[in-house]
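As structure tokens, the structure follows; a few thoughts come after it.
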Amino acid sequence: MSASTSAPAPPSDMVGKALHVLTLLGERPGGVTLSELARTSGFPTSTCYRLLKSLTRDSFVEFDARSKHYTLGLRVYQLGQRVSHAHGFAGVALPVMRRLAETCREAVLMSVLDGDKQLYIHHVEGPQQVSVRGEPGKHGPVHCTAMGKALIAFAPADVRRALVDGVELTALGPNAITDRAAFRTEIETVRAQGHAVADEEHEPGIRALGVPITGPDGIAHAALSVAAPAFRMPLPDLLALRPALTTAAQELAALLPPRAC
């Protein structure tokens with residue numbers, strides 16, 4: 001789902017290497033062997049072994065002696081839970097999102113800006129048999145998604161300019177905006193209207209409406225969206241959900257701690 005570019009060179013410092021190993025393990029929840037990790041990371045097997053030994057010692061990685069597979073350890077989970085608690089996502093966001101999903105009868109998603117991508121934080125499945133699914137913990141594009149556009153439009157001015165001018169405009173869905181001038185206009189429109197629409201721009205057959213969750217300074221530290229199959233959600237019906245979506249975003253802005261909003 002991204003443009004074919006050459007992979008970046010693996011980090012050369014030991015901290016960067018350790019973080020790279022943890023990231024790769026996070027992408028393989030079923031675990032990997034030492035040789036697989038060495039091949040994927042681009043590091044020598046001896047380097048991977050030393051890194052894994054240290055990470056296992058401190059419980060960041062677990063090793064199954066029977067399968068010879070390495071997986072992320074409980075220390076990573078513990079830190080993740082602390083981050084979630086610090087941002088108020090776990091206990092505060094989900095009840096609001098569940099109520100919104102019941103009201104709209106469609107999937108509700110929440111994300112934050114992470115560099116030039118969005119990081120999906122939460123997903124609540126809609127009550128319909130066919131529902132859009134999200135993947136919390138995964139990164140997604142910002143240029144062709146409703147939440148991504150909202151995050152850009154309500155980012156700090158310098159971040160907004162950098163993303164508008166530099167984010168890669170990959171044609172992921174049939175209606176994705178790939179022209180730089182058109183994208184700049186789109187973000188200006190989102191900022192003026194207070195909401196963003198993605199009409200089969202990320203994936204064929206999916207429409208979404210997104211709004212920012214802003215702090216007192218008007219900066220978006222998260223975004224909220226309702227997403228639905230296009231066959232069930234004509235654009236006018238999607239836009240009719242904006243009042244409920246905006247109300248939920250305002251509730252979250254009031255409930256989440258300052259670091260989150």
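Tabulated data for the structure shown
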| read-out | value |
| --- | --- |
| Difference of contour (0.36 nm per residue) and Cα-Cα distance, Thr170 to Asp217 | 13.8 nm |
| Relative contact order, percent, the chain [alpha-carbon distance under 8 Å, six or more residues apart] | 16 |
| Residue-level accessible surface for Leu169, protein heavy atoms, 1.4 Å, Å² | 20 |
| Segment 121-173: relative contact order in percent, alpha carbon pairs under 8 Å with at least 6 residues between | 23 |
| Fully extended contour minus Cα-Cα distance, from Lys68 to Glu27, at 0.36 nm per residue | 13.0 nm |
| Size of segment 55-201 as Cα extents on the principal axes (Å, biggest first) | 55, 37, 30 |
| Accessible area in square angstrom per residue, the chain, 1.4 angstrom probe | 52 |
| Cα centroid separation - segment 12-37 against segment 159-210, whole Å | 33 |
| Size of electric dipole in the chain: Cβ of Lys, Arg +1 and of Asp, Glu -1, about Cα centre, debye, nearest 20 | 740 |
| Binned Cα-Cα distance frequencies in segment 176-261 - 5 Å width, integer % | 3, 14, 22, 22, 19, 13, 7, 1 |
| Lysine pairs with alpha-carbon atoms under 19 Å apart, the chain, spacing 8 or more or separate chains | 5 |
| Estimated [θ] at 222 nm from DSSP helical runs (n ≥ 4, -39500 (n - 2.57)) normalised by residues in the chain, nearest 500 | -13000 deg cm²/dmol |
| Karplus (6.51, -1.76, 1.60) ³J(HN,Hα), θ = phi - 60°, over segment 28-43, in Hz, Gly and Pro reported as x | 10, x, x, x, 9, 7, 4, 5, 5, 5, 5, 5, 6, 7, x, 8 |
| Where Rh is the Kirkwood radius over Cα pairs, Rg/Rh for the chain | 1.01 |
| Rounded to 10°, Cα long-axis angle of helix 157-166 versus longest principal axis of the chain | 80 |
| Positive-end residue, the chain charge dipole about Cα centroid, Cβ charges, pick of Gly80, Gly218, Gln118 | Gly80 |
| Degrees between helix 74-87 axis and first principal axis of the chain (Cα, 0 to 90, nearest 10) | 30 |
| Hz values of 3J(HN,Hα) by residue in segment 97-106 - Karplus curve (6.51, -1.76, 1.60), Gly and Pro given as x | 5, 5, 5, 5, 5, 5, 5, 7, 6, 9 |
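The values are calculated or read from the model by the stated rules, or taken from the named source; none is laboratory data. Small disclaimer: the values here were computed from a predicted structure and weren't measured. Neighbour counts are summed over all protein chains in view; Cβ atoms, including those assigned to glycine, are modelled from backbone coordinates with ideal geometry. For accessibility, only protein heavy atoms count, side chains too; no ligands or nucleic acids. Shrake-Rupley method; radii C 1.70, N 1.55, O 1.52, S 1.80 Å.
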